[in-house]
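Chemist: Structure below; questions to follow.
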Amino acid sequence: MTQTTRTIFEKYEIRKTKKQKTAFIQWVVPYLQSLGYPVTVEQGKCGVRNIVIGDIEQSKVVFTAHYDTCAVLPIPNFITPKSFLGYAAYQILIIIAVFAVLFALMFVAGWIHESLIMPTYYIGLLGLIALVIFGPANRHTANDNTSGVTGVLDLAQTMPESLRHKAAFVLFDLEEAGLIGSSCFAKKHKDTMKEKLLVNMDCISDGDTMLFAVRKGARRFLPELKGAYLSDARMNTLFSEKHHIYPSDQIQFPCGVGVAVLNKTRHGLLYMNRIHTRRDTVYQEKNIAFAVEGGIRLTEKL
């Protein structure tokens, strides 16, 4: 574990409130500047503060991750990127559970007085939405997305001086609130990012299969991507050009590639199952090292 990663886990693992994000920014900006990078904090709607590292205009590739962290929830955000049926089934189960809770509350409210039924429904629904967005911070964010943040920072500090002009880095704000930070960045840099490769690291520390969710515009970079991120004893790699579901910041960009590390069942189902809960504590250093080494090779090839 690098000293940078150790510092984040010790002091900045929770980055949900404005105060917590400010503390992180006040630490990470001078640190990156000490490495010789120009750093800008770009502001946007809803209080967005994106941390931009390096020269976006001149770079050949932009490595990104979201640095904001989520509220703690009673159930995980279970993701099966290569199985639409699995992903849809889980979402349906969540909807059923939510309405079961709402109807139970409405039943109790109706028992008290009939006029309370509908107000209880609307208040309960808004309350559940507020819990997801404004609920108490998850204190365990190893995979989502401290892994992505440390991956970007380790890559930035490890990038050879001779390659630094070819790579830039961005830490997005407010991904958990609906990809707001990356949306602001995409609009601000629309022309620049139209043809530029973007590699987004989101949840890369728990599992042994690294999925590359490749958008249509990024397919022309597949030879470089496959040559840079070669499977080895630490990690299997899977490059998916279509028929995948991974809703993260890369979807805002024509040449976006989402990178996530997944576990696999005995029957081959790829899944992510601990994020957004207190169980998000798995941080495999070998995964971060694999992502960093691949990022350097990719930058060399572009």
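The values are calculated or read from the model by the stated rules, or taken from the named source; none is laboratory data. All of these numbers come straight from a predicted model, not from anything done at the bench. Every residue, glycine among them, receives a Cβ derived from its backbone with ideal geometry; neighbour counts consider all protein chains shown. SASA here: full protein model, heavy atoms, side chains in, ligands and nucleic acids out. Shrake-Rupley method; radii C 1.70, N 1.55, O 1.52, S 1.80 Å.
Chemist: Is it the case that some residue within region 215-232 is open to solvent by less than 60 Å² (accessible area, probe 1.4 Å) and in contact with an Asp or Glu (Cβ under 7 Å, 6 or more places away or on another chain)?
Modeler: no
Chemist: Further question on the same structure: Of the residues in region 1-27, how many are touching a residue at least 12 places away in the same chain (Cβ under 8 Å), among the polar types (S, T, N, Q) and either open to solvent by 60 Å² or more (accessible area, probe 1.4 Å) or under 16 Å from Asn145 (Cα atoms) (or both)?
Modeler: Result for region 1-27: 5.
Chemist: Can we say Pro30 is more than 28 Å from Phe212 (Cβ to Cβ), open to solvent by 30 Å² or more (accessible area, probe 1.4 Å) and modelled with pLDDT under 95?
Modeler: When the stated conditions are applied, Pro30 does not pass them.
Chemist: Could you say which residue among Ile133, Ile180, Ile117 is without any contact (Cβ under 8 Å) to a residue 40 or more places away in the chain and either within 28 Å of Gln20 (Cβ to Cβ) or open to solvent by 10 Å² or more (accessible area, probe 1.4 Å) (or both)?
Modeler: Ile117
Chemist: Considering only region 283-296, I want to know if a residue exists there that is farther than 26 Å from Asp173 by Cβ and surrounded by 22 or more Cβ atoms within 10 Å (Cβ to Cβ).
Modeler: yes
Chemist: So how many residues does region 37-55 have that are assigned to a loop (DSSP other than H, G, I, E, B) and either of a type in the set (Lys, Arg) or closer than 24 Å to Phe9 by Cα (or both)?
Modeler: Residues flagged as assigned to a loop (DSSP other than H, G, I, E, B) and either of a type in the set (Lys, Arg) or closer than 24 Å to Phe9 by Cα (or both) within region 37-55 amount to 2.
Chemist: Quick check on my filter: what residues within region 79-100 are part of a helix (DSSP H, G or I) and either in contact with a strand residue (DSSP E or B) (Cβ under 6 Å, 6 or more places away or on another chain) or touching a residue at least 24 places away in the same chain (Cβ under 8 Å) (or both)?
Modeler: Phe84, Gly86, Tyr87, Val98
Chemist: Go through region 144-174 and give me each residue that's touching a helix residue (DSSP H, G or I) at 6+ places or on another chain (Cβ under 6 Å), open to solvent by 10 Å² or more (accessible area, probe 1.4 Å) and not basic (Lys, Arg).
Modeler: Within region 144-174, Asp154, Thr158, Leu163, Leu174 qualify.
Chemist: For region 233-249, give me the residue count where each residue is surrounded by 13 or more Cβ atoms within 10 Å (Cβ to Cβ) and within 11 Å of Lys82 (Cβ to Cβ).
Modeler: Final tally of qualifying residues: 5.
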